[in-house]
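Visitor: Here's a structure for you.
What follows is calculated from the coordinates using simple rules that are stated; it is not laboratory data. No experiment lies behind these values; they were computed from the predicted model shown. For neighbour counting, all protein chains shown are included, and Cβ atoms are generated from backbone atoms with ideal geometry for every residue, glycine included.
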Amino acid sequence: MSTQNEMTYAQAIKEAMCEEMRRDENVFLMGEDIGVYRGAFGVTQDMYKEFGTERVIDTPISEAAFVGCGIGAAVEGMRPIVEIMFSDFMSVCWDMILNQAPKMHFMFGGKVSVPLVIRTASGCGTGAAAQHSQSLEAMLCHIPGLKVVVPSTPFDAKGLLKSAIRDNNPVVFLEQKLLYRTKGMVPDREYLIPLGKADTKRIGTDCTIVTYGRMTQLSLKAAETLSNEGISCEIIDLRTLLPLDRMAVLESVKKTKHLLIVHEAVKTGGLGGEIAAEVAESDAFYYLDAPIKRLAAEDVPVPFSAVLEKGVLPDEEKIASAVREVVG
Amino acid sequence: MNTARKNMDETISRKLLKNMLLCRKFEENVQYYFSLGMIHGTCHLGIGEEATAAGTCGALLPDDDMFATHRGHNAAICKGIDINHMMAEIFGKSTGVCKGHGGSMHIADKDVGILGANGIVGPSLALACGAAFAHKRRNEKCVALAFFGDGATNEGIFHESMNLASVWGLPVLFICTNNTYGMSTHISKVMKDTNLIDRAVPYKMKSAEVDGNDALLVYNTVKEARSYAIENSEPVFIVEDTYRISGHSKSDANLYRTKEEISEWKKKDPILNLEKQMLEAGLCSTEEIRQLEAEAADTVKAAVAYAIESPYPKVEDIYEDVYAE
């Protein structure tokens with residue numbers, strides 16, 4: 001009989017890494033302050049004790065060099081997990097993420113593969129202001145050859161990360177800062193969650209909410225409130241943003257005839273536009289009873305003041321209001 | 001690192017000359033078919049720089065990894081790529097070594113340790129660190145080698161990678177082919193101290209500077225560096241001073257340098273240089289040199305024919321290699 005343990009999102013991520021490192025000696029971890037310090041968010045706590053500093057490697061503050069080093073090691077058959085402390089720091093190693101890792105398999109005619117995972121902390125709500133709080137997934141989704149994953153629960157985080165580590169492509173794994181300490185049940189037995197598959201987190205009939213990451217949790221709370229008002233929401237948690245599970249979105253929209261898209265990233269150029277376009281281009285469009293709505297962060301840099309930071313973000317109440325508007 | 005001139009070895013000299021002749025004929029043909037409009041896009045020729053490729057790659061073994069620059073034809077040839085498939089790649093054909101997905105600027109063949117020419121200035125250094133990391137972890141007696149130009153030494157990634165390789169003790173050979181121009185901009189306009197070898201000093205890295213137009217000297221230096229890197233698990237930085245006779249790319253009208261300067265360097269042509277050395281040492285005759293030239297020309301001619309006869313790739317197959325299985 002399989003049992004379950006309650007653990008945090010951060011612990012689930014660590015468990016996934018530990019299991020894969022025990023399973024495959026080619027898997028190793030490198031990043032800034034991930035050893036004794038345990039990583040900026042405590043995810044890698046004590047991992048160096050089990051695996052040694054040869055496999056849990058503190059790097060210089062040289063994101064471009066160590067991400068590039070990860071790519072080179074991956075090409076040579078290893079399976080590096082590279083931690084970039086904050087996703088905002090992808091800016092200083094962007095060449096590696098944009099031009100190197102995702103292009104090699106294609107450019108070199110399929111002879112080279114890059115089994116690399118880049119784990120990085122994403123999202124706002126911690127008062128870290130404009131350079132430590134961004135949600136940059138849409139930029140990543142514009143890069144064919146990459147895979148982009150954003151888990152919303154400890155269960156998903158573990159299963160998706162294990163799949164990402166075993167995947168033969170570069171995967172950017174965007175961890176949600178405000179979810180690190182949230183808890184959930186995770187089975188003892190080994191399991192994998194395939195990349196590219198959305199998950200219906202709540203079944204409903206009146207309105208589809210397509211979302212991912214932390215906004216999934218807020219959408220679930222909003223759906224509870226709305227159910228008391230007689231509005232039944234279906235929540236599609238995308239989990240993998242690239243490749244996108246288009247069918248999951250379209251099928252749900254055909255059923256509920258209403259669509260709200262929620263994300264923490266700014267609205268302009270965000271995933272919401274892409275998802276809305278997928279629906280608009282498909283026969284699901286004919287099923288819609290109301291215009292599609294996007295709820296996203298305001299198109300501003302993430303502000304510092306707690307009042308402002310909260311003010312520019314979607315929250316439970318804004319999600320509930322948006323659904324009411326859509327179902328009219 | 002002090003590299004004394006070794007006695008000339010006949011086999012090595014002949015191999016280096018053969019490879020340089022192949023490079024020269026290959027690029028002359030690329031240039032010709034480019035001018036006819038039969039090759040599209042752009043390409044960066046390394047005519048005049050052949051000794052850096054032949055000497056450097058000649059000192060590597062098949063299991064060593066090599067990361068090249070955008071000017072990467074010669075390095076690929078000297079690391080042992082199949083000439084037919086490389087020419088087909090440059091012609092954009094399905095039989096190309098990268099199935100026509102990469103072209104001149106992204107020539108790669110993992111089977112012979114060519115992990116890619118690169119369209120970006122600098123990343124080769126970091127990628128080579130990673131390959132060397134893997135070799136070291138597996139206790140493999142081989143190196144990863146990164147080519148880059150003098151221009152790349154002003155990129156952040158140069159310094160990050162030099163530091164990383166140094167502090168982690170990675171067996172990487174950092175090969176700076178110093179042709180003194182970053183596209184059109186002379187090194188003296190962009191560096192206060194143009195003594196590139198000094199850039200190894202803050203990283204406490206073993207280094208050497210060689211006449212990059214002397215293939216044998218390059219070969220001996222890299223060979224010694226390779227042994228050092230493996231034995232000591234340390235990187236080595238080598239500056240190979242050379243000159244690009246050909247323009248930067250097809251857009252180059254040579255407005256930034258004089259004909260006299262180019263002529264002066266033509267006198268130091270690396271192929272003529274090695275031929276002279278071999279003749280003087282009695283390692284070959286003029287007739288044998290003509291014979292090697294003819295063989296190179298025939299090999300390249302066959303490669304061009306193979307490329308021209310090969311079919312183009314199909315657009316409907318384009319998604320095949322976006323993701324690995």
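Visitor: With just the Cα atoms of chain B, tell me how far they stretch along each of the three principal axes, in Å, largest first.
Guide: Largest first, chain B extends 55, 52, 40 Å along its Cα principal axes.
Visitor: May I pose another question? Applying the Karplus parametrisation 6.51 cos²θ - 1.76 cosθ + 1.60 with θ = phi - 60° to the phi angles of the stretch A:30-44, what ³J(HN,Hα) value in whole Hz is obtained for each residue in order, glycine and proline being reported as x?
Guide: 9, x, 7, 6, 9, x, 3, 5, 6, x, 4, 10, x, 5, 9
Visitor: Please state the charge dipole magnitude for chain B, taken about the Cα centre, from unit charges on C-beta atoms (+1 on K and R, -1 on D and E), reported in debye and rounded to the nearest 20.
Guide: I would put it at about 440 debye.
Visitor: Also: Along Cα→Cβ, 7 Å out, is where each label goes; now give me the distance between the ones at B:ARG290 and B:LYS189 in nm to one decimal.
Guide: 4.4
Visitor: Further, regarding this structure: Report the label-to-label distance for A:LYS221 and A:THR182 in nanometres (one decimal), using points 7 Å from each Cα along the Cα→Cβ vector.
Guide: Inter-label distance under the simple model: 0.9 nm.
Visitor: Mind listing P(r) for the stretch A:65-164? All alpha-carbon pairs, 10 Å bins, whole percents.
Guide: 14, 46, 33, 7, 1
Visitor: Here's something else I'd like to know. Name the residues whose placed amide hydrogens come within less than 5 Å of the amide hydrogen of B:ASN179, ignoring near sequence neighbours (fewer than 5 apart) on the same chain.
Guide: For B:ASN179, the qualifying residues are B:ASP150, B:THR242.
Visitor: Apply 1/(1 + (r/R0)^6) to the Cβ-Cβ distance of A:ARG189 and A:ASN168, taking R0 = 25 Å, and write down the FRET efficiency to the nearest 0.05.
Guide: Calculated transfer efficiency: 0.50.
Visitor: Test of the criteria: in the stretch A:216-320, which chymotrypsin sites (Phe, Trp or Tyr not before Pro) are in a DSSP loop and have at most 16 other Cβ atoms within 10 angstrom of their Cβ?
Guide: Values: sites: A:PHE285, A:TYR286, A:TYR287, A:PHE304; in loops: A:PHE304.
Sites meeting the loop and neighbour criteria: A:PHE304.
Visitor: Skipping prolines and chain starts, which residues have an amide H placed within reach, meaning under 5 Å, of the one on A:PHE28, given they are 5 or more residues away or on another chain?
Guide: A:ARG79, A:ILE81
Visitor: Show me the trypsin sites (Lys or Arg not before Pro) within the stretch A:154-226 that DSSP assigns to loop and that have at most 14 other Cβ atoms within 10 Å of their Cβ.
Guide: A:ARG181, A:ARG189
Visitor: Determine ³J(HN,Hα), in whole Hz, for all residues of the stretch A:261-273 in sequence, where each value follows from phi through the Karplus function 6.51 cos²θ - 1.76 cosθ + 1.60 and θ = phi - 60°; x replaces Gly and Pro.
Guide: Along the stretch A:261-273, the couplings run 10, 10, 8, 7, 5, 4, 6, 5, x, x, 4, x, x Hz.
Visitor: Can you give the Rg to Rh ratio of chain A, both from alpha-carbon atoms, with Rh computed by the Kirkwood formula?
Guide: Numbers: Rg = 19.5 Å, Rh = 20.1 Å.
My calculation puts Rg/Rh at 0.97.
Visitor: Over the stretch A:1-140, consider all pairs of different Cα atoms and compute the Kirkwood hydrodynamic radius from their mean reciprocal separation; express it in Å, one decimal. Write down the numbers at each step before the final one.
Guide: Values: mean 1/r = 0.0626 Å⁻¹.
That comes to 16.0 Å for the stretch A:1-140.
Visitor: If you don't mind, another one. Using the alpha carbons of the stretch B:116-251, what is the convex hull volume per residue in cubic angstrom, as a whole number?
Guide: Taking the convex hull of the Cα positions in the stretch B:116-251, it is 105 Å³ per residue.
Visitor: Also, quick follow-up: Amide H neighbours of A:MET85 under 5 Å, at least 5 residues apart or on other chains, H built in the peptide plane: list them.
Guide: Placed amide hydrogens put A:GLU32 under 5 Å from A:MET85.
Visitor: Mind jotting down the distance between the C-alpha centroids of the stretch A:146-202 and the stretch A:57-130, whole Å?
Guide: About 18 Å separates the Cα centre of the stretch A:57-130 from the one of the stretch A:146-202.
Visitor: Would you mind giving the average projected area, over all directions, of the Cα convex hull of the protein assembly as shown in nm² with one decimal?
Guide: Reported value for the Cα convex hull: 32.3 nm².
Visitor: Along the three principal axes, how long is the stretch B:65-130 when you take its alpha carbons, biggest first, rounded to the nearest angstrom?
Guide: Its Cα atoms span 31, 20, 17 Å along the three principal axes.
Visitor: In addition: Would you kindly state how much longer the chain becomes between A:VAL36 and A:ASP24 on full extension, computed as 0.36 nm times their sequence separation minus their alpha carbon distance, in nm to one decimal? Provide the component values of the computation, followed by the final result.
Guide: On the way: separation 12, 0.36 × 12 = 4.32 nm, distance 2.29 nm.
Answer, rounded to one decimal: 2.0 nm.
Visitor: Across peptide B:135-147, what mean number of C-beta atoms from other chains lies inside 10 Å of a residue's C-beta?
Guide: Working: counts 2, 1, 9, 5, 0, 1, 0, 0, 0, 3, 0, 1, 0.
That works out to 2 on average.
Visitor: Per-residue ellipticity at 222 nm for chain A, helices alone: DSSP H runs ≥ 4 residues times -39500 (n - 2.57), over residue total, nearest 500 deg cm²/dmol?
Guide: Value at 222 nm, helices only: -10000 deg cm²/dmol.
Visitor: At R0 = 25 Å, how high is the FRET efficiency between A:GLU317 and A:ALA130 if r is their beta carbon distance? Nearest 0.05 is fine. Don't skip to the end; give the middle numbers.
Guide: Values: r = 24 Å, r/R0 = 0.98.
Efficiency computed from Cβ-Cβ geometry: 0.55.
Visitor: Could you identify which residue out of B:SER94, B:SER251, B:SER161 has the top mean-square fluctuation in a GNM of chain B using Cα springs shorter than 10 Å?
Guide: Evaluated over chain B, the most mobile residue of the options is B:SER251.
Visitor: Next up: Please give, to one decimal in nm, the separation of the simple spin-label points placed at A:PHE304 and B:ASP198, each 7 Å out from Cα toward the Cβ.
Guide: With each label point 7 Å from Cα toward Cβ, the separation is 4.1 nm.
Visitor: What number, rounded to the nearest 500 deg cm²/dmol, is the helix-based mean residue ellipticity at 222 nm of chain B, given -39500 (n - 2.57) per DSSP H run of at least four residues and division by all its residues? Please list the in-between numbers first.
Guide: On the way: 11 runs with 143 residues, N = 325.
Rounded to the nearest 500, it is -14000 deg cm²/dmol.
Visitor: Given the convex hull of the Cα atoms of the stretch B:46-161, what is a quarter of its surface area in nm²?
Guide: Details: hull surface 28.3 nm².
About 7.1 nm², averaged over all directions.
Visitor: Of all DSSP beta bridges located in chain B, what percent are antiparallel, nearest 5?
Guide: If I count the DSSP bridges inside chain B, around 10 percent turn out antiparallel.
Visitor: Something else about it: Using the Cα centre of chain A as the reference point, and only Cβ charges (+1 on K/R, -1 on D/E), how large is the resulting charge dipole? Debye, rounded to the nearest 20. Working shown, then result.
Guide: On the way: 34 positive and 44 negative charges, 73 e Å.
It comes to approximately 340 debye.
Visitor: Can you give the angle from 0 to 90° between the axis of helix A:9-23 and the longest principal axis of chain A, with both taken from C-alpha atoms, to the nearest 10?
Guide: 40
Visitor: For the stretch A:133-138, what does the Karplus curve 6.51 cos²θ - 1.76 cosθ + 1.60, with θ = phi - 60°, yield as ³J(HN,Hα) per residue in whole Hz, taken in order and with x for Gly and Pro?
Guide: Residue by residue, the stretch A:133-138 yields 9, 7, 10, 9, 4, 5 Hz.
Visitor: What number do you get for the stretch A:162-308 when its Cα radius of gyration is normalised by 2.2 N^0.38 Å, N = residues?
Guide: Its radius of gyration relative to the 2.2 N^0.38 Å reference: 1.10.
Visitor: Oh, and also: Using the C-alpha atoms of the stretch B:235-285, what convex hull volume per residue, in cubic angstrom, is computed?
Guide: Numbers: hull volume 7.7 nm³, N = 51.
Dividing the Cα hull volume of the stretch B:235-285 by its residue count gives 150 Å³.
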